[in-house]
Each structure stands twice: as structure tokens, then as C-alpha cells.
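*Asks:* Once you've had a glance at the structure underneath, I'll fire off some questions.
The values are calculated or read from the model by the stated rules, or taken from the named source; none is laboratory data. What you see is a predicted model; the values in this text were computed from it and never measured. All Cβ positions, even for glycine, are placed from backbone atoms using ideal geometry, and neighbour counts span all protein chains on display. Remember, those area values only see protein heavy atoms, side chains included, never the ligands or the DNA or RNA. Shrake-Rupley method; radii C 1.70, N 1.55, O 1.52, S 1.80 Å.
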Amino acid sequence: PSAGAAPAAVATAIAVNGASGGLTFDGVGAISGGGGNSRLLADYPEPERSRILDYLFKPGYGADLQVLKIEIGGDTNSTDGAESSIEHSQGQVDCDQGYEWWLAEQAEARNPNIKLYGLSWGAPGWVGSGSNTFFTSNAITYLMDWMGCAKQHKLPISYLGGWNERGFDATWYENLKTALVSHGYGATKIVAADSDWSVADAMTTDPAFKKAVDIVGVHYPCGYLSSESTCNSTANAQSLGKPLWASENGSEDANDGAAATARGINRGYLDGKMTSYINWPVIAALYQNMYFSTDGMAEASQPWSGNYSIGKNTWVTAQTTQFTQPGWHYVDSGSGYLGGNRANGSFVTLKSTDNHDYSTVIETMDATAAQTANFTVTGGLSTGKVHVWATNVNSSNPSDYFVHQQDITPSGGRYSLTLQPGYVYTVTTTTGQGKGTATSPAASALTLPYTDTFDTHATTTSPKYFSDMNGAFATTSCDGGRTGQCLRQEATSTPVRWTNEPYDGPYTFMGDSSWSNYTVTTDAYFEQSSTVELLGRVNLQGRNDNGLDAYHFRLSDTGAWSIQKSDVNWNFTTLASGTTTAPGTGSWHTLALKMQGSTLTASLDGKTLGSAVDNSYTNGQAGLGVTDYKTDEFDNFALTPGQ
Ligand code: 147
């Protein structure tokens, strides 16, 4: 065009033909775990907790997730926390450990059609004993125990995976399939290998492996972080005749990641024939000093105030999930790139199993001008009224998300729609959509003093607000002649790990990052020869727990004590140390770490051991730890404010 003339507007014909071919749609969902990202949601007050769950799972209200992938907790760090195993020690199964069962029950209660998918990041030490790999026969025993727990919880597990992002062992998957069938879980499909496309290459040359695996699940096939605009699978994968999934995608901010999510959901099918898109993670319900603190569908990091926010990611996801069901079919004739050019955006049409309803999801994330879509409906699909819903992804005003814009009555099966740049549109013959209206209370700090005697909690659930980073801290009956409940570190040996931090001692922390001058006190019981610690001014954590800005007061049963600081690379600096009368094993003692300005003071049973001066950290949360996989106990946790 000559200077000044507007470029010719792009017009795209969308042929919504019910007779067209297309693969089966398996659903759009999200992951709880990998790890610790849902932890604080469990402790939210009502009614906020239910409202957030509604925004995630309730049909016609919010993200309306169709797949929920849950971590099979392994007592080891799996990104932003460690999730509890159901079997810390072989043969001792406790199906109430962790919070994923609770979350899955909440999801099922809201949407009985949701598909559940279990995957391990790590596992208790016994699973990999001697090998430190997950691909053992013990792991199969362990997964059958986990399936038994799911059954006990009345949670149907549609899909089960192997070891997250740690390759595959063909024989192991074959044995897993045999075990599922022989234990009566033959309806559960195996996804392999939650890693890269090489699993499909192996399946093309190994018929037994190919037979054992039902679905090829690959991570970040649409790129990692905001690069998500082109999605890829491989010729080998497409030759298998098995569903191909983006079994983990995302790792995006709840708001800033919305454009990548919108592209990825459509383009996974267009570019790579992938029929499921599973976002990591479901929610950012974790402390804000963690590495991936804002990733998910929503953010909820203040269980004391009830404050939360629903991310734009929820609404671009809803543009597909509220208008489709797993089991619907893609309509290939009604799917492609606008004007044949990926820069204009993409469109994907899905139809109901009875070939009546359809929904077309259009994204114009990278378009720069308005365009037109000209629809023609044929092949037995409804030519009745269509409803148009839209999300303006360029807007930061939530009232521009998930808006019912207009209804159009086709004429002779034809109608047109103008598409603005930066939008996701859904054109649908279905009804029942909705945008939740619950609003959040204001954020506020958790005030001191704070105490927890660990007596009021269920025996198998970690206490309120505590988020474990390695190991498993659970309330259980006290040892050492003490009555009531105490907090015990339950992992008895180094787990099969997923992360690779140089220091992986079990620790857990809680509270408000604004806390500055305070004393953290606890009673501690040395069940074995070991070193326990108090943490204070817990601040930034390195990715995958590869370090922590914090102060530590450590005491061993031998009487050796220290005040140390650690940094985000797990460098430890000893600020003060000494040896006191050995507390020994089998008895209770009271430890305290006082932080006042730059002065740090450690005391034992009311007597000062020593102090140090350091200016590194001025504020942060409080925690408890054991420097090795020992089952020490804690009681009477108390935080008292200083000046
Ligand atoms: C994934 C993990 O599976 C998740 O648990 C979580 O840690 C997530 C955070 O982004 O990352 O693992 C990946 C790590 C790096 C890449 C892809 C997946 N990468 O660089 O492409």
C-alpha cells in the first residue's frame, strides 16, 4: 500500500464443518505440586478458601479446570516446597498425609468430570534404596499404595505418570502397566515420560514400551516462559497413534503469562497435534520469598488475611474450558491461523460428542489490526444463535476479562465477527458460562505474638501456615514423656530427590516477611543424635531451594551450638559458636533465637549461649529444621515481638 493507506484488513473463512476430522480433546488443566505451590490455600479462612476453589474448579465460574494433575508427595523439595509422602517408611501407609487429597476432593466436589492425574517428583528414600533412582520395583509398590489411597479417598485417577522430568526406563513403565492391571486399576492410563519427545522415539522402536504407554506427555513443547508462541511435537510422536499432551506448560505469572497461555492452548493442537494443555502450577498459594511466587491461575499468599487475586490466566483458560468438555472433538476444518499467518493469531474449533454444539476459540495475541472472521456452519452442527465471549488480554482491568459481548443469529449458517488485536474470543452455541463475582478482603500482615502448641491439628497434617522445604513436618503424639501433640520430622532417610541443592536438610517455615525484631522459641526433642535448628528472618530462597537468606541457631545433642547465616547459594557463615553441656538424646529442651536490630542472641533452657552482630538480613519469617533426615520433635513454637 502507498504511504498513509491502511493495510488491507485480513478476513479469514472459518469452516465449522461437523463432518470434518479432528482428534479427541483431552482437556485443559493445571498442576498442583512440583511443588508446594498450593500449600497456603489449605489454610485459608472461609469463605475465601471456598471462593478461590470455586474460581479454580466450579463450572461456569472461573478457570473451570478440566484436568487436575497432583504431585505424589515425596518428602523432598520439588520446586517451591516439599510435599508429604503417604509412606515415609516402607509399609507404613497413611492416606491422610499432605494436602493434595484435600485439593482433589475439593475439585471433584465442584466438578465430578474433572480428570485426575498423579505424578511423582521425588519419593521417600526406601523407594530408591541403593540406587537413588525412581525407576525401581519399590516405586511400583509405592505407586500401588498411592493408588490405594486414592481409592480410599474415592478419587478416580484417570492418569498416572513416572518421574517428573527425569527420563524414562521402558521396562519400568511396562511393569507399571502390569501392576496397574493386576491391582484392578486397569482404567488408569499411563502418561510417559513428563520429559521430552525422546520417549516417543523409543516407543517407535520398542513395541512392548509402546503398548504400555497410553499417552505421550511432554513438558514445555511450546517453549519455556514467555517464548510460548510456537509449539512442537515430532514426526515419531505423531506416528504413534497415541494422544500427545503438553503435560506441563506455563511457568508464567498469573497475569503477565496470559498471552502465552492463550497462544499455547490453541497452538499446541495446531502446531503439534497436542490434545491437552496442563499449566504449571494451578495457584500461587505460597510465600512470596519463593522463586516462582506469582505463577498460576490465581495468587493467594496470605492465609491469615484471606487476601487473594484471580489472575488473567484464569480468564484466558476459561475461554476454552467453560465452552468444551474432555472427550469433545477438534474440528480441523475450523482450526488454523488467521489469514494463514501466525502473526495474526489462531483459531481452534471443538464440537460436542453428539455433533450438535461447537465452540471456536480465537486468539489475536500478536495481531496489530482489526480482522474479520467469516463463519460457515455445516455438517449437522447447530446453526442456531451463537454467544460471543471475549477477554482483552492487553487490558489490566479485570472488567475486560471474560465478557459476554454479544449474541449473533447466523443466517443460513453464516455470520461474521470483527476481531480486535490482543483478544481471546470464544464463539459458542453452548450456554452456562459465568464469571465469578466474589471479591477478596484486603491484605494485612500477620501480627505478633504468635504461638503454636501443635495440639489442635490432625495428627497427619502439617500445622497451620508451616510450609515444608525438605522432609515432612507433621503433628503427631509427643515423645519423651510429654502429652499432647508435637511437630515431628517424619522422613527417615534422604529421599529420591528431584532438586539438586547442595544443602537439603529438612526445614519448614511460616509467617510474615515483614517481621523484623522478634524472638523465635521452641521446645526440641532429640529423638536421635542430630542437630536441630531455629530459623529467623527467612528471606529470599534460590530456585529449587538452592539457597536461602536466613539466620540459623543450631544445636546438636552433643552440646555444639552455632549462630549462622546462609545465603541464596547455601553458603553458610558462622557468626558465633561454642559448646555447652550436652543436651543428649531423649529429653526436651527450650531453644530461642532473639533478633533485635543487628544483634542475634541464642539461648538454651533460658540461659544465653552467645550472641553475634550481623547486618545482612533485617526481616523475614521464622522456621524450624533438622540438619539431616532425623525424626526430631518440636513443641511450643512461639514468636514474641521485640522493639
Ligand atoms: C519444571 C518443573 O516440572 C516444575 O515442577 C517447576 O519447577 C517448573 C518451574 O518452571 O519447571 O521444570 C522445568 C524446568 C526448566 C525448564 C522446563 C521445565 N526449561 O528450562 O525449559
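*Asks:* On a C-alpha basis, how far is the centre of the stretch 327-383 from the centre of the stretch 478-531 in Å? Whole number, if you could?
*Replies:* When both Cα centres are located, 53 Å separates them.
*Asks:* Here is a follow-up. If contacts are Cα pairs under 8 angstrom and at least 6 residues apart, what is the relative contact order of the stretch 490-613 in percent? Could the numbers behind the result be given before it?
*Replies:* Numbers: 268 pairs, mean separation 28.7, N = 124.
Computed value for the stretch 490-613: 23 percent relative contact order.
*Asks:* Let me ask you something else. Carbon and sulfur together cover what percent of the accessible area of the chain at a 1.4 Å probe radius?
*Replies:* Values: 10070 of 21430 Å².
Accessible surface attributable to carbon and sulfur in the chain totals 47 percent.
*Asks:* Applying 1/(1 + (r/R0)^6) with R0 = 22 Å to the Cβ-Cβ distance of SER529 and ASP455, what FRET efficiency is obtained, to the nearest 0.05? All intermediate terms of the calculation are to be shown ahead of the outcome.
*Replies:* Numbers: r = 27 Å, r/R0 = 1.25.
Once rounded, the FRET efficiency stands at 0.20.
*Asks:* Quick one: if you stick a label point 7 Å off each Cα along the C-beta vector at ASP366 and THR439, how many nm between them?
*Replies:* Each label point lies 7 Å from its Cα, and together they span 3.8 nm.
*Asks:* Ok, one more. Under the rule of -39500 (n - 2.57) per DSSP H run of 4 or more residues, summed and divided by the residues of the chain, what mean residue ellipticity at 222 nm is obtained, to the nearest 500 deg cm²/dmol? If you can, show how the numbers build up before the last one.
*Replies:* On the way: 9 runs with 94 residues, N = 643.
Rounded to the nearest 500, the figure is -4500 deg cm²/dmol.
*Asks:* To the nearest 10 degrees, how steeply does helix 48-57 sit against the main Cα axis of the chain, on a 0 to 90 scale?
*Replies:* Taking the Cα atoms of the chain, the angle to 48-57 is about 40 degrees.
*Asks:* Rounded, prolate or oblate: which fits the chain when a ≥ b ≥ c are the square roots of the eigenvalues of the alpha-carbon gyration tensor, with rounded for a/c under 1.5 and prolate only if a/b beats b/c?
*Replies:* Details: a/c = 2.40, a/b = 1.75, b/c = 1.37.
Because a/c hits 1.5 or more and a/b exceeds b/c, the chain counts as prolate.
*Asks:* Also, quick follow-up: What residues from the stretch 244-262 fall in the zone where the backbone N is under 20 Å from a label point 7 Å along the Cα-to-C-beta line of SER198?
*Replies:* Residues passing the 20 Å test: 245-249.
*Asks:* Lysines near LYS565 by alpha-carbon distance under 16 Å, same-chain residues fewer than 8 away left out - which ones?
*Replies:* In chain and number order, the partners are LYS594.
*Asks:* Taking LYS58 as the anchor, which lysines have their alpha carbon closer than 29 Å to its alpha carbon, excluding any fewer than eight residues away along the same chain?
*Replies:* Cα-Cα hits under 29 Å: LYS69, LYS115, LYS151, LYS154, LYS189, LYS273, LYS312, LYS351, LYS385, LYS435, LYS464.
*Asks:* Using R₀ = 51 Å, calculate the FRET efficiency as 1/(1 + (r/R₀)^6) where r is the Cβ-Cβ separation of HIS404 and THR581; round to 0.05. Intermediate values should be presented prior to the final figure.
*Replies:* Numbers: r = 72 Å, r/R0 = 1.42.
Rounded to the nearest 0.05, the efficiency is 0.10.
*Asks:* Then there is this: When ligands, DNA and RNA are left out and all protein chains stay put, how many square angstrom of accessible area per residue does the stretch 361-423 have with a 1.4 Å probe?
*Replies:* Numbers: 2690 Å² over 63 residues.
It amounts to 43 Å² per residue over the stretch 361-423.
*Asks:* Please label the shape of the stretch 121-217 as rounded, prolate or oblate, based on the square roots a ≥ b ≥ c of the eigenvalues of the alpha-carbon gyration tensor (a/c under 1.5 means rounded; beyond that, a/b larger than b/c means prolate, else oblate).
*Replies:* Values: a/c = 1.74, a/b = 1.20, b/c = 1.45.
Oblate shape, in that a/c is at least 1.5 and b/c is the bigger or equal ratio.
*Asks:* Which sequence of LYS211, LYS242 reflects their accessible areas, 1.4 Å probe, from the largest down? Don't jump to the answer; show the numbers that get you there.
*Replies:* Values: LYS211 165, LYS242 45 Å².
The ranking, largest first, comes out as LYS211, LYS242.
*Asks:* Based on alpha-carbon centroids, what's the gap between the stretch 266-308 and the stretch 210-247 in Å, whole number please?
*Replies:* The distance from the Cα centre of the stretch 266-308 to that of the stretch 210-247 comes to 20 Å.
*Asks:* How much accessible surface area, in Å² rounded to 10, belongs to the heavy atoms of ASP271 with a 1.4 Å probe?
*Replies:* The value for ASP271 is about 40 Å².
*Asks:* Mind giving me the FRET efficiency for SER514 and THR431? R0 is 45 Å, r the Cβ-Cβ distance, nearest 0.05 is fine.
*Replies:* About 0.45, to the nearest 0.05.
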